[in-house]
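The values are calculated or read from the model by the stated rules, or taken from the named source; none is laboratory data. It should be emphasised that the depicted structure is a prediction, and the values quoted were computed from it without experimental measurement. With ideal geometry, Cβ positions are generated from the backbone for all residues, glycine too; neighbour counts draw on all protein chains shown.
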Amino acid sequence: MSENTKEFWRWKEYNWHDETMDPKVAETISAGVDVGSVSSQAVVMVDGRLYAYSNMRTGSDSPDSARKAMSWALENTGLTLDNIHYTVGTGYGRVNVPFADRAITEIACHARGGNLMYGPTVRTILDMGGQDCKAIHCDEKGKVTNFLMNDKCAAGTGRGMEVFADLLAVPIEEVGESSLDVEEEPPPVSSTCVVFAKSEASSLLREGWSKKRVLAAYCSAMAHRVVSLLERIGMEKDFAITGGIAKNAGVVTRLERELDITSLKSKYDTQIAGAIGAALFAKTLMEKQRKKVAK
Amino acid sequence: MFAKFFDWYENRHDYAREWLAKNDGKVIGCFCSYSPEELIYAAGLLPVRVLGSHEPQDVTEPHIFSMFCPFCRDVLAQGLKGRYDYMKGIMLTQSCLHLRQTFTSWRNHIPADYSFYLYMPNKVQTEHARSYYSGELTKVRMSLEEWTGRTITDKLLQEAAELCNENRRLMREVYDLRKEPDPPLTGLEAMVMVASSFFVDKKDHNAELRRILPELRSRRLDRETGGRLMIVGSENDDTKFVKMVESIGSTVVVDDHCTGSRYFWNLTQFTGDIMQDIADRYIDRPPCPTKDWEERRRFPHILNLAKEFNVAGVILIQQKFCDPHECDMVPLKELLNSNGYPTLFLEFDVTVPAGQLRIRVEAFLEMLGVEELF
Amino acid sequence: MAEYKTEPLKCWQKAKELRLKYYKDYQNARSKGGIRWTGGAWSFDAIPAGLGRDVYNITGEPYAASLAFAKRLSMGCLEAAEAKGWARDLCSYMRNYWGSMYLRKYAFGGEYPDPDFCFQDHICCSHGKWYQHVAEHKKVPYFCIDVSVGPYRDLDENRLMFVVNQMHESVEWLEKTTGRKYQDELLIEAVENEVRSTSVWAEICCLNMAKPAPLDEKSMYSLYVHGTLAKHAKEVADFYEELRDEVKYRVDNHIAAVPGEKCRLMSDTQPPWGFLKIFRYLENFGAISVGSLYTFGLIGVWETKPDGTWGPRTTPMQRGERITSRDQALRILADWNLSKPEWQHFYDPNLKTEMMLQIVKQWRVDGVMLHLNRGCEGLSCGIMENRLGIAKAGVPVMTFEGNMGDEREFDEKRVTARIDSFMETLGVEMTEKTAGTA
Amino acid sequence: MITAGIDMGAKYIKVVLLKDGVVQGRAIAATGFEPTASALECFERATKESSVDKSSIVHITSTGAGRKAAPNVDSDITDVSATAKGVVHLMKGVRTVIDVGAEEGRGIKIEADGKVVDFAVNEKCAAGAGAFAEAMSRALEVSIGEFGQLSLKSEKTIPMNAQCAVFAESEVVSLVHAKTPKHDIARSVHDAIASRIVSMVRRVGIEKEVALVGGVSHNPGFEDSLNRGLEMQVIVPEYPEYVGALGAAVVACERAK
């Protein structure tokens, strides 16, 4: 019973740092580590400016994933963990970041990160993560004023998208684009359940649907699902999408179409929003600590 | 200090068996907080409300369609597994269709030599409900007399009503202490206290309450009170949940649950007609949503509790599929929010995936700004 | 295979017109200075009839079913309700209805016509709450009668009077709310029409005992609906008598609803309105649903005859009783409605199983299909116990999950697959090569 | 007389060749996206390996989700009936069949002759099917084969809260963090699936003997959990995943007569 073993869901891991900056002169070097159910990111900030980050898959051991992500972010920066003044852990594995000074939920972090990434005008943030979607309202400081999470079913999440890419043998990075390459929009798949979407997709393919058409149907089903989440919390401009799915044009375009609103775009990588927020909290908390000590 | 209550809560079956050994009486199972316990005590019986077991189960599928609330299935499951084999009778006081199925399936499949369905009116807001209900209570009285062979005199009813009233009065006193800036008891302790009063003989329960009250007044907890929370919604005796909530920087200071304040909030007023007095007490108590129409009388009561207990936020707890509460959640949320009380909505199942609820509660507390992070 | 002759119902067109007229009358009521009220199919609609001949109502369940049938609109309604935060597992009629109210879209064209008041009764957990919300949203007065006094078997004076007293209360409320003088003779007329229409409907159902069945359940849905809209109305009672005569003619002349009838089924609870085609799918096997407790007993009022069989309940008029006072009319109305079959099961699944087995016996049913209806708490109440009871009696039974008003909860492929298997266990095969296509 | 059964499953296609009640050959192939082609290929292999002359096959019956798409067959039958037929052909005394595949679990109550009395299917949730175990083994980073074995080492019962395969995945991860031994997690997962299955099978009523068939019956961990859930031993035939195809072949034989 051999099966196709090529893993189309496996997206590329990467790290980055800003050569033009010199962290040595910094007053506060803060870090945020976002250990999600699917991916982990580490962000290093220098006086509140993004300096370095990494993005990789979460293994079955969070502490280990946190360490890996961090050391990879610090790669070739000349910095080590000891240079970092304060670290905040967030995400699903937030309490399992061994070197973190404290943990803050990804909900608060995405709001604060989004505030930096999209500017203080952003009021509604949709985080489409690995296994759940969060609709967040925040104020001009990036403080959460209200939020909603999807139910106990992972349908229409990043994880679901991976399973789907795998099933259709389409590299995950290409899913969005090719789903848009259809003459007319097909009806959304009725079941976005990670498992049943599979059998539904298979039968659609058997009925002679093209892969692109099936992808389109799945992407619109995913978009549709989060729309109801957003409608429940109420749309407030400006609107931004963070998390992995934000990179999926297929879902985003359909989402914008259904909501009849265009989401803000950012020069930052949407997957590190949580980690950025965590790093910003880390900076604030460090400064508070200093004040305390000063007194 | 609440050790005895916890002991009762965790070993409820042992307690019931001991009670049976000590008293010449029977145990009657109740499924709803509307059961007229005055009549049951007067008949020399011990009312035991079946609460959640919070264990996954695989025995109710043939009996109750899975779209009905996990609580009603959990209750039936315990019966089918023989956990309550010492229960000789069962009684359901009319409330929701969910528990009604638990009752009818219990009657069909679990041996018991007595069962009674009490047609409590759902429209408690019409004056006609009063005479109607006292009429129905008279049927309970006669039926219990027939089953137990014991005459239920007005005197016995009076005594039973006073016994129940004292239990209510004492628990109210404990609740009042939670209004203090730093309550001398946790929400968990309060929850276990009320929950145990559903199956512990009121005599014992009252004695224990009287014992702890003096020290409780001067008790200091070595923990941060943190965010003052109210929990509102369907049946909820999920101690694991409250424990989790209170372990991350908050204290539950009040509730509106049928397993909490709603059960004991109001007293029987004595006017000389004991049957009517008992009937009126249940007609007038803080209602279950399924009995709260045309007017909404539940909402002002909830708002009042939020004010009196000075809560920072409210967690709305919904047993999955519980229609009565689902019908109240949306307007209730609007009411609380418009009065400046942030709300967090959570859906409950038999077992609660702690991780998924924890992040919501943590984020909610961050939102309430218990700690300044900006 | 046995081929029966078939022909379309003559009064089919009339049925359609009557239904449309009902919805239009409601819509246009105000232009004629009339009154519009809304409530449930179970509402005592004979009572507001006493306010005058220009009083029109819309009943939520059949209205929502019409919405559900119009899939696109329905989806919009359901999503509008979800957007407000209502749980997806709430009564799907209620969610469709609320959605139509939020969107201000009427299933029969134009704006959603606002009611002047709500007049409901409380039979399940949602009923009292349904119009509580409508009344709040539309800022109109609301009266709801609690009928939860138990099954007819256990009815006594105290219980009957609780309902009758509320009815009297409601009459005073109606006068106060509308400022109109209440006319008892109109009430009496409406009560007479209601007992007539509901008892005649039972007669019609009885005619379906014939082999071949003159009516299939799919068509019955379009006929029983009038009783759910205005059981108190003269035109409904008259229409049912006309229909009864035609169905009788079909029986006498062996005119079948399904020419290839080989296997007789019975369903339960409301069907998935968006997928009535499953009944057509059954016809591929020569299987026909001849009815259900739902189509027989939601509107039809029945009684057990001396010989133990089930038949139309004898009306007061047939007993030679004359209704002369408001109190008498209300007592009859309460007693009559509390004896409705599709009400008894709310209190004891065993009662429902007994009635279902009675139907199996009298209507010569070969198999039972239970619709585990996620959309209706009330009619799904105790359904798994019914399943056990029916199976215990040795009657083949299958279940399928779905939702009467939320097509997202109906999986056509899986349900037809189940039907295939069930048909095999009943030993019937596809009569046409339409295999696999529903 | 030689007949054939083709089971067009959602994931795999199986073919069984039967001669006078004795299996001559069997073959399996991934369904893929061209089931018809896969079926033909699978059929070819079965005949080659068993050196059965195709022309000598008098009747072919298809079953399974895609049975209508099966190439050149004489008749078809639903997988419920086919499974029942196949089981009694192998194990006379069986009255309850538990059939757990990758995406669906079934309970079937049968009579001595294999006639289906009643059946239940798990509705729209993977939590009661093999895919669930596969997802969890992936989260634990062990092969599904290992996963099944692991679970036998455990004595401990840890209730699994999450029902959705994906959330269960993260629950598994958090169990790992709580330093829970892998074998205890494996058992917890199998218990969760088993309890869903048991709960569903109770609908049709459990009557001895009970047979476990379908792809998942290769998983000893699941079998063990199921036995505990049912409080009895289930029987697992030698080629559990071929039972449907075998049943179809048996039916083909009946229909050829």
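Observations, loosely collected:
- The set of residues in the stretch A:54-90 that are surrounded by 24 or more Cβ atoms within 10 Å (Cβ to Cβ), more than 17 Å from A:Lys24 (Cα to Cα), more than 14 Å from chain D (Cβ to nearest Cβ) and not β-branched (Val, Ile, Thr) comprises A:Ser54, A:Asn55, A:Ala69, A:Met70.
- Strands (runs of 3 or more DSSP E) wholly inside the stretch C:262-364 that include at least 1 residues being farther than 28 Å from C:Arg408 by Cβ and within 19 Å of the chain's Cα centre (by Cα): C:287-292, C:302-304, C:310-312
- Residue in the stretch C:101-110 that is facing another protein chain (nearest Cβ under 10 Å) and part of a helix (DSSP H, G or I) present: no
- Among the residues of the stretch B:223-245, the ones that are part of a helix (DSSP H, G or I) and among the basic types (Lys, Arg) come to 2 in all.
- Given (1) among the charged types (D, E, K, R); (2) in contact (Cβ under 8 Å) with a residue 60 or more places away in the chain; (3) touching a Ser or Thr at 6+ places or on another chain (Cβ under 9 Å); (4) surrounded by fewer than 23 Cβ atoms within 10 Å (Cβ to Cβ), index of the condition B:Arg297 fails: (3)
Listed here are the residues, each with its yes/no results for (1) under 23 Å from A:Gly158 (Cβ atoms); (2) in contact with a helix residue (DSSP H, G or I) (Cβ under 9 Å, 6 or more places away or on another chain); (3) at pLDDT 85 or above.
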| position | (1), (2), (3) |
| --- | --- |
| A:Arg213 | yes, yes, yes |
| A:Met222 | yes, yes, no |
| A:Leu229 | yes, no, no |
| A:Ile233 | yes, no, yes |
| A:Lys237 | no, no, yes |
| A:Gly250 | yes, yes, yes |
| A:Thr253 | yes, yes, yes |
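- All positions within the stretch B:189-222 that are assigned to a loop (DSSP other than H, G, I, E, B) and under 18 Å from B:Trp265 (Cβ atoms): B:Ser197, B:Phe198
- When C:Ala87 is tested against (1) away from every other protein chain (no Cβ under 14 Å); (2) in a loop (DSSP other than H, G, I, E, B); (3) out of contact with any Leu (no Cβ under 8 Å at 6 or more places or on another chain), only condition (1) is not met.
- Test: residue in the stretch D:12-19 that is in a loop (DSSP other than H, G, I, E, B), in contact (Cβ under 8 Å) with a residue 12 or more places away in the chain and of a type outside the set (Phe, Trp, Tyr): no
- Taking the stretch D:144-232 and the helices (runs of 4 or more DSSP H) fully enclosed by it, the elements with 1 or more residues that are in the same structural domain as D:Gly101 (by TED's automatic domain parsing), on the phi < 0 side of the Ramachandran plot and surrounded by fewer than 17 Cβ atoms within 10 Å (Cβ to Cβ) are at D:144-152, D:165-177, D:220-230.
- Number of residues in the stretch A:51-75 that are in contact (Cβ under 8 Å) with a residue 60 or more places away in the chain and out of contact with any strand residue (DSSP E or B) (no Cβ under 7 Å at 6 or more places or on another chain) equals 0.
- Among the conditions (1) in contact with a helix residue (DSSP H, G or I) (Cβ under 8 Å, 6 or more places away or on another chain); (2) assigned to a helix (DSSP H, G or I); (3) within 14 Å of chain C (Cβ to nearest Cβ), D:Ser62 misses just one, which is (2).
- Among the candidates D:Val100, D:Val121, D:Val117, D:Val80, residue that is at pLDDT 85 or above, in contact with a Lys or Arg (Cβ under 8 Å, 6 or more places away or on another chain) and within 14 Å of chain A (Cβ to nearest Cβ): D:Val100
- Subset of the stretch B:288-335 (residues that are in a loop (DSSP other than H, G, I, E, B) and within 11 Å of another protein chain (Cβ to nearest Cβ)): B:Cys288, B:Asp292, B:Trp293, B:Glu294, B:Glu295, B:Arg296, B:Lys320, B:Phe321, B:Cys322
For every residue, the table says whether it meets (1) modelled with pLDDT under 95; (2) within 21 Å of C:Glu354 (Cα to Cα).
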{"position": "C:Val247", "(1), (2)": "no, no"}
{"position": "C:Arg250", "(1), (2)": "no, no"}
{"position": "C:Pro259", "(1), (2)": "yes, no"}
{"position": "C:Thr269", "(1), (2)": "no, yes"}
{"position": "C:Thr295", "(1), (2)": "no, yes"}
{"position": "C:Pro312", "(1), (2)": "no, yes"}
{"position": "C:Pro316", "(1), (2)": "no, no"}
{"position": "C:Gln328", "(1), (2)": "no, no"}
{"position": "C:Ile332", "(1), (2)": "no, no"}
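- Scanning the stretch A:91-101 for residues that are at the interface with another protein chain (Cβ under 10 Å from one of its Cβ atoms) and not small (Gly, Ala, Ser), we see that the one that is nearest to A:Leu148 (Cα to Cα) is A:Tyr92.
- Single condition D:Ile108 does not satisfy, out of (1) within 14 Å of chain A (Cβ to nearest Cβ); (2) under 15 Å from the mean Cα position of the chain (by Cα): (1)
- The residues of the stretch C:128-169 that are more than 9 Å from chain B (Cβ to nearest Cβ), farther than 23 Å from B:Gly135 by Cα and either modelled with pLDDT under 95 or within 23 Å of the chain's Cα centre (by Cα) (or both) amount to a single one, C:Val134.
- Segments classed as helices (runs of 4 or more DSSP H), wholly inside the stretch C:120-224, with at least 2 members that are touching a residue at least 40 places away in the same chain (Cβ under 8 Å) and aromatic (Phe, Trp, Tyr): C:127-138
- Flag if C:Tyr93 is surrounded by 24 or more Cβ atoms within 10 Å (Cβ to Cβ), touching an Asp or Glu at 6+ places or on another chain (Cβ under 7 Å) and within 30 Å of C:Thr198 (Cβ to Cβ): yes
- Taken over the stretch B:167-185, residues that are surrounded by 16 or more Cβ atoms within 10 Å (Cβ to Cβ) and out of contact with any Lys or Arg (no Cβ under 8 Å at 6 or more places or on another chain) amount to 6.
- Meets criteria (more than 23 Å from A:Thr145 (Cα to Cα) and surrounded by 18 or more Cβ atoms within 10 Å (Cβ to Cβ)) for A:Lys247: yes
- Considering only residues in the stretch D:20-53 that are of a type in the set (Val, Ile, Thr) and in a strand (DSSP E or B), the one that is farthest from D:Ala84 (Cα to Cα) turns out to be D:Ile28.
- Within the stretch B:103-133, the residues that satisfy the criterion of being of a type in the set (S, T, N, Q), assigned to a helix (DSSP H, G or I) and over 14 Å from C:Asn165 (Cβ atoms) are B:Thr104, B:Ser105, B:Asn108.
- Search result, residues across the stretch A:18-39 that are modelled with pLDDT of 95 or more and crowded, with 24+ Cβ neighbours inside 10 Å: A:Ser30, A:Ala31, A:Gly32, A:Val33, A:Asp34
- Residue within the stretch A:157-178 that is more than 18 Å from A:Trp9 (Cα to Cα), at pLDDT below 75, within 14 Å of chain D (Cβ to nearest Cβ) and in a helix (DSSP H, G or I) present: no
- When the criteria are applied in full, D:Thr31 meets the requirement of being at the interface with another protein chain (Cβ under 8 Å from one of its Cβ atoms) and not hydrophobic (A, V, I, L, M, F, W, C).
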